[in-house]
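Working notes, beginning with the structure itself.
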Amino acid sequence: MTYFLRLLMCVLCVTGTAIAKPPLLMPMPVSVTNLDGQLQLTSSHLSVYLDEKYRNPSTLLFENAAFLQNFSSVTWQDKHSAQLKLEVAVWLDDIPRLDIDESYQLIISTKAITLKSQTQFGMLRGFATLNQLLFSAKTPYQLNAMTINDAPTYPWRGLLFDGVRHFLPISDVKRTLRGLASAKMNVFHWHLTDDQGWRVALKSYPKLHQVASDGFFYTAEEIKDVVAYAASLGIRVVPEFDVPGHASSIVLAYPELGSGTKLDGIERRWGVFRPLLDPSNPDVYLFVEDVVKELTALFPDHYLHIGGDEIDDRDWRENTQIQLFMAKHKLSDTHALHAYFNQRVANIIAKYNRKMIGWDEVLHPNLPKQTLVQSWRGHHSLAAIQEAGFNGLLSSGFYIDQPQWTSYHYRNHPEPIKSKTLSAKEVINHSVFTLTRLKGSSVNGKVTVFRDTQSLLAALVSIEGKGRFITDQVLQTEHGFELLIDTWMGPTKLFVGKTKSDRPAFVGNTPYEMKSKSENKPSLRALNNALHDEQGKDKSGRVLGGEATLWAELLTTESLDTRLWPRLYAIAERFWSPKTQVDERDMYRRLVVMDRFASLHGGKHKQQLNERLKTLLDDNVTQDEIAKLLKFSEFLEPAHYYTLHHLAYLRDEYHHGALLDKLVDVLPVESLMLREFDYSVDDYMQTCSKSLETSLQLQIDEWREFIKHNKRLIERITEWQNPYLQIKHALQSKESQLIINNNGTIAHLVASLNHYHKVSSLCKNSG
């Protein structure tokens with residue numbers, strides 16, 4: 001009997017009855033009503049009804065519909081006899097647009113499936129649901145009778161795909177598009193230019209791809225093919241070309257457009273660099289217009305992204321001509337100059353019937369209000385965007401090039417759920433802290449711990465440059481206060497002492513050096529004013545949704561999928577499903593299924609890990625050995641946040657030439673096995689059930705035996721030697737162990753064992 005089956009039986013013994021679970025779908029629909037009976041289909045054939053006037057335009061959509069590919073043949077049939085009846089009210093243009101109706105209704109009876117939608121794009125979303133239902137069916141090709149009513153919460157549900165830092169070929173693009181469609185996501189934000197390369201071939205400025213691409217770029221024909229393919233999946237393609245910063249590739253190809261810094265080759269490093277376009281040069285605006293003209297001919301979407309972020313303004317400040325230009329136009333500083341440039345670019349884009357998108361830094365009152373602003377800085381920045389009257393997108397918290405627990409992304413609503421308004425009745429502690437990062441400036445802030453009107457502990461955390469965070473996840477200990485908040489870095493655990501402390505902080509699974517010391521407490525009035533200000537801001541702008549971001553500094557075509565799947569399904573649910581869909585445990589229950597689903601529907605995450613394991617051992621490696629290494633990999637996680645980036649920087653490997661040949665580069669971002677174990681420990685904490693304790697201990701014993709018998713195999717991989725020893729020691733001890741960053745690898749089994757030991761001690765002490 002497997003461990004998890006034993007656990008399930010134990011839970012049923014404790015609770016008495018099994019609780020009905022929702023269907024294994026992700027994103028979860030708005031409503032699901034179960035009916036009696038089942039519909040039995042066969043793999044050989046599916047008969048479909050669609051109004052004859054829509055059959056010809058449906059051809060491409062049907063060819064690429066994953067659900068229909070489950071059947072050997074699909075034929076048209078009359079409405080009365082068809083197994084799948086499609087009722088589409090209006091057939092729109094082939095290219096999807098923002099705010100199209102993607103709602104649908106599924107009625108599965110014992111005789112047929114009826115899929116109703118206002119548009120063909122709603123039909124595609126219904127296909128995605130049907131494909132998941134078919135995959136998770138207990139009996140092959142048998143669907144339970146049910147009614148599903150569904151529509152997205154947000155109209156913009158995207159993924160930024162960076163094909164610049166490491167070139168990602170069209171095969172990767174199309175595979176990713178198929179994955180997005182399976183998750184009901186509808187925007188492919190294609191990052192095409194940056195300091196390290198220009199990846200789109202243009203006729204007007206051919207040296208961009210000839211000089212600044214290393215020969216890796218997308219042709220006009222390839223782009224048109226991708227746009228058409230994406231449209232057949234109900235996905236918009238939004239291009240991004242970066243101006244006026246992240247412009248090294250432009251300045252390399254056409255130095256006359258730059259502001260001062262000269263280049264002698266393609267930028268190979270990662271980071272933020274000096275080259276900027278010259279806003280005082282009229283030729284720059286001619287360049288922008290020519291680029292916009294060609295891009296709008298290739299990309300029919302109504303939006304065009306200009307980047308606009310991370311301006312290193314030294315060239316502007318040191319250029320005499322630019323300074324004279326600023327004086328002439330009464331531009332007080334480089335921020336005003338940047339706004340001037342963005343305004344002119346927005347007007348050029350509008351000339352071609354497009355709307356401009358830019359990152360946080362483009363925000364300025366003088367921008368046209370139709371400008372869409374995308375936040376990478378966090379909710380405080382998104383709030384400022386809305387308060388200024390602009391529509392916004394959220395990407396902070398959805399950086400999936402970073403290893404992060406899926407639960408962190410899942411809690412990150414584009415519009416935070418309104419919680420009860422907190423007021424303080426007593427100020428308990430006020431501390432200042434410094435969290436030291438491996439690269440970049442320290443994170444400095446203040447923590448004010450208070451009791452609310454219900455006498456419960458809470459805290460207001462103010463972080464320099466990042467706004468305020470309110471949390472009720474506060475635990476008082478003998479020496480101080482431990483608190484949990486979700487920041488732009490990830491789920492962050494801070495500890496402040498009653499007087500001072502040097503206990504480490506944790507960003508997700510990763511320890512960071514932290515120091516805190518107490519200061520004079522603010523008055524109760526001052527604290528409540530701060531709480532009121534943070535919870536009572538008026539916002540007029542609309543949040544259109546969000547985008548996960550897949551930056552490619554540490555990603556290649558060999559590791560792409562390990563960052564995407566399966567957690568992109570959970571992010572898709574955050575964009576699609578009702579805001580009330582917040583049960584993290586149920587999300588993980590379904591994510592296990594989606595992990596398998598992704599593997600069978602184009603995702604290569606498991607294959608990429610398997611292949612990397614093979615390369616790390618000699619040619620005589622057996623499948624049994626690979627299977628054991630895969631099991632050991634479930635004990636590990638890559639370090640969270642930008643830890644891998646920072647470590648690469650410290651090794652002087654933060655550049656295009658770095659091999660990215662470490663196993664940590666392709667480890668899954670979290671262990672779903674350990675997550676399930678942790679939830680089982682939570683169940684044990686609630687009941688202190690002896691049967692649950694026994695089952696958990698049996699699992700630990702099994703792990704101990706596995707570690708004991710596979711030492712020589714595991715330690716053949718050099719980078720796994722230290723985590724192995726740490727795990728071995730933790731399994732032999734009944735005391736909590738330190739979590740150690742083993743050069744980017746976290747032995748997360750240790751955290752799970754620590755959790756178990758703590759709960760076990762509590763249960764024993766409770767009698």
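The values are calculated or read from the model by the stated rules, or taken from the named source; none is laboratory data. What you are looking at is a predicted structure, and each value in this text was computed from that prediction instead of being measured. For neighbour counting, all protein chains shown are included, and Cβ atoms are generated from backbone atoms with ideal geometry for every residue, glycine included.
Of the residues screened, Ser761 is one that is of a type in the set (Ser, Thr, Tyr), more than 27 Å from Ala627 (Cα to Cα), surrounded by fewer than 16 Cβ atoms within 10 Å (Cβ to Cβ) and modelled with pLDDT under 95.
Checking each residue of region 365-376 against the condition of being within 20 Å of the chain's Cα centre (by Cα) and without any contact (Cβ under 8 Å) to a residue 40 or more places away in the chain gives at least one match.
Does Val284 count as of a type in the set (Val, Ile, Thr), buried (at least 21 other Cβ atoms within 10 Å of the Cβ), part of a helix (DSSP H, G or I) and in contact with a Gly (Cβ under 6 Å, 6 or more places away or on another chain)? Talk me through it step by step, then tell me what you get.
Working: of a type in the set (Val, Ile, Thr): yes; buried (at least 21 other Cβ atoms within 10 Å of the Cβ): yes; part of a helix (DSSP H, G or I): yes; in contact with a Gly (Cβ under 6 Å, 6 or more places away or on another chain): no.
Against the criterion (of a type in the set (Val, Ile, Thr), buried (at least 21 other Cβ atoms within 10 Å of the Cβ), part of a helix (DSSP H, G or I) and in contact with a Gly (Cβ under 6 Å, 6 or more places away or on another chain)), Val284 does not qualify.
Only one entry of Thr371, Thr296, Thr320 meets the criterion of being more than 30 Å from Glu653 (Cβ to Cβ) and either surrounded by 21 or more Cβ atoms within 10 Å (Cβ to Cβ) or of a type in the set (Asp, Glu) (or both), and that entry is Thr371.
For region 424-439, the criterion of a residue being under 30 Å from Thr556 (Cβ atoms), in a strand (DSSP E or B), in contact with a Leu (Cβ under 8 Å, 6 or more places away or on another chain) and touching a residue at least 40 places away in the same chain (Cβ under 8 Å) is satisfied by no position. The residues of region 633-658 that are more than 14 Å from Asn509 (Cβ to Cβ), hydroxyl-bearing (Ser, Thr, Tyr), part of a helix (DSSP H, G or I) and touching a residue at least 40 places away in the same chain (Cβ under 8 Å) amount to a single one, Tyr649.
Annotation: Gly37 fulfils all but one of (1) within 18 Å of Leu130 (Cβ to Cβ); (2) crowded, with 18+ Cβ neighbours inside 10 Å; (3) touching a residue at least 60 places away in the same chain (Cβ under 8 Å); the unmet one is (2).
Which of the following residues is among the hydroxyl-bearing types (Ser, Thr, Tyr) and outside any helix (DSSP H, G or I): Thr261, Thr296? If you could, list the steps in order and put the result at the bottom.
Details: Thr296 fails: outside any helix (DSSP H, G or I).
Exactly one of Thr261, Thr296 is among the hydroxyl-bearing types (Ser, Thr, Tyr) and outside any helix (DSSP H, G or I), namely Thr261.
For Ala548, the criteria (1) without any contact (Cβ under 8 Å) to a residue 60 or more places away in the chain; (2) of a type in the set (Gly, Ala, Ser); (3) part of a strand (DSSP E or B) hold in every case but one, which is (1).
For region 84-95, the condition holds for at least one residue, the condition being that it is among the charged types (D, E, K, R) and within 13 Å of Met123 (Cβ to Cβ).
Checked against the criterion of being out of contact with any Asp or Glu (no Cβ under 9 Å at 6 or more places or on another chain), modelled with pLDDT of 95 or more and among the basic types (Lys, Arg), the candidates Lys369, Lys351, Lys355 yield just one match: Lys355.
Table: residues versus (1) surrounded by fewer than 17 Cβ atoms within 10 Å (Cβ to Cβ); (2) in contact with a Gly (Cβ under 7 Å, 6 or more places away or on another chain); (3) in contact (Cβ under 8 Å) with a residue 60 or more places away in the chain.
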position	(1), (2), (3)
Ala336	yes, no, no
Ala346	no, no, no
Lys355	no, no, no
Tyr399	no, no, yes
Pro403	no, no, yes
Tyr408	no, yes, yes
